[in-house]
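J.: Dumping the structure here so I can ask a few things about it.
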Amino acid sequence: MKELSIPTFALPSATVPSGGLHHRADQRTTDTDGQPNAALARSGIEVVWAKHLDDVRQAQRLRFSIFAGEMGAKLDSKLPGHDVDLFDDYCEHLLVRDLAAGEVVGTYRVLTPAQARRIGSTYSDLEFDLTRLRTLRERMVELGRSCVHPDHRHGGVIMALWGALAEFMVRNQLDTMIGCASIPMLHNGVVSGDMAASIWKQVSQTHLAPVEYHVRPRLPLPINQLNGELDVEPPALIKGYLRLGAKVLGAPAWDPDFNSADLPMLMRIQDLPMRYRKHFLGA
């Protein structure tokens, strides 16, 4: 089994006083006394950071099954049955594993500021002009490729992922998360941007970020040519982000390869509502 090299370089000493990023590659989420989270164990899942290449491959197979199988994405991967891109080698991979089956049922990948500098950009930079976020980058991570197996799309898996992410952020004195939240272009059996246009209209009225953080899509979804009046709800992941205090940074980009419209989103630890702050951080 191939051991992963540690992908993250040490953050500047002004950001993390003791050096590198503080998590063990095999670390599980724990209770405050350092013991494995009993609630997670009772639910039959565990949350771990990928330690071996085999762990990452499991996540990439899950991603492929959902993005290509469910969403009809056209994935340009040299490894059949896996979703692999150039950012994967630079990211930390967070996994939720079904303890009974031993399979990865949920995943996020996390690109830290140090690794974003190494590769030269974030994935979001490919879809949006992020110039207005330049003052945030030193303490900003990018979340990407989030997905959960259809049989596990309940609150437990998502909350476990978010809890581990919040702990990672606070431990490493990082305060901002960005990412692209996808809205499927397929609605009622028809490929159309109307659902995305309608969701954008809703969230832009209630959860739009201050203008100083607005970003511009490089390939905009043609909002003005679409019906933005559909009575539809945002996908569960977007609704979850909004409950956590996330803001939308601007109009969606069109991602033809993933057959989706992508909303740019920003979430800051300081904006977590108190009940979630207590749940995730005990503060």
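J.: For residue 182, are the conditions met, namely being hydroxyl-bearing (Ser, Thr, Tyr), closer than 15 Å to residue 241 by Cα and part of a strand (DSSP E or B)? First the steps, then the outcome.
T.: On the way: hydroxyl-bearing (Ser, Thr, Tyr): yes; closer than 15 Å to residue 241 by Cα: yes; part of a strand (DSSP E or B): yes.
Yes, satisfied.
J.: List every residue pair whose Cβ atoms sit under 6 Å apart, with the two residues 6 or more apart in sequence or on different chains, where the first one lies in segment 268-279 and is in contact (Cβ under 8 Å) with a residue 60 or more places away in the chain and the second, anywhere, is part of a helix (DSSP H, G or I) and of a type in the set (A, V, I, L, M).
T.: Listed by first residue and then by second, the contacts come to 269/169.
J.: Oh, and also: Surrounded by 20 or more Cβ atoms within 10 Å (Cβ to Cβ) and modelled with pLDDT under 95: is that true of residue 177 in this structure? Talk me through it step by step, then tell me what you get.
T.: Working: surrounded by 20 or more Cβ atoms within 10 Å (Cβ to Cβ): yes; modelled with pLDDT under 95: no.
It is false that residue 177 is surrounded by 20 or more Cβ atoms within 10 Å (Cβ to Cβ) and modelled with pLDDT under 95.
J.: Among the numbered criteria (1) touching a Leu at 6+ places or on another chain (Cβ under 7 Å); (2) at pLDDT 85 or above; (3) basic (Lys, Arg); (4) more than 30 Å from residue 136 (Cα to Cα), which one does residue 61 miss?
T.: It is condition (1) that residue 61 fails.
J.: Does segment 193-252 hold any residues that are at pLDDT below 95, closer than 25 Å to residue 280 by Cα and among the β-branched types (Val, Ile, Thr), and which are they?
T.: Of everything in segment 193-252, just one residue is at pLDDT below 95, closer than 25 Å to residue 280 by Cα and among the β-branched types (Val, Ile, Thr), namely 238.
J.: As an exercise: evaluate residue 146 against (1) within 21 Å of residue 242 (Cβ to Cβ); (2) free of Cβ contacts under 8 Å to residues at least 60 places away in the same chain; (3) of a type in the set (Ser, Thr, Tyr) and give the number of the one condition it does not meet.
T.: (2)
J.: Quick check: anything in segment 71-84 within 24 Å of residue 248 (Cβ to Cβ) and at pLDDT below 95?
T.: Residues of segment 71-84 that are within 24 Å of residue 248 (Cβ to Cβ), as a first pass: 71, 73.
Checking which are at pLDDT below 95 leaves us with 71, 73.
Within segment 71-84, one or more residues are within 24 Å of residue 248 (Cβ to Cβ) and at pLDDT below 95.
The values are calculated or read from the model by the stated rules, or taken from the named source; none is laboratory data. Keep in mind it's a predicted model, so treat the numbers as computed, not measured. For neighbour counting, all protein chains shown are included, and Cβ atoms are generated from backbone atoms with ideal geometry for every residue, glycine included.
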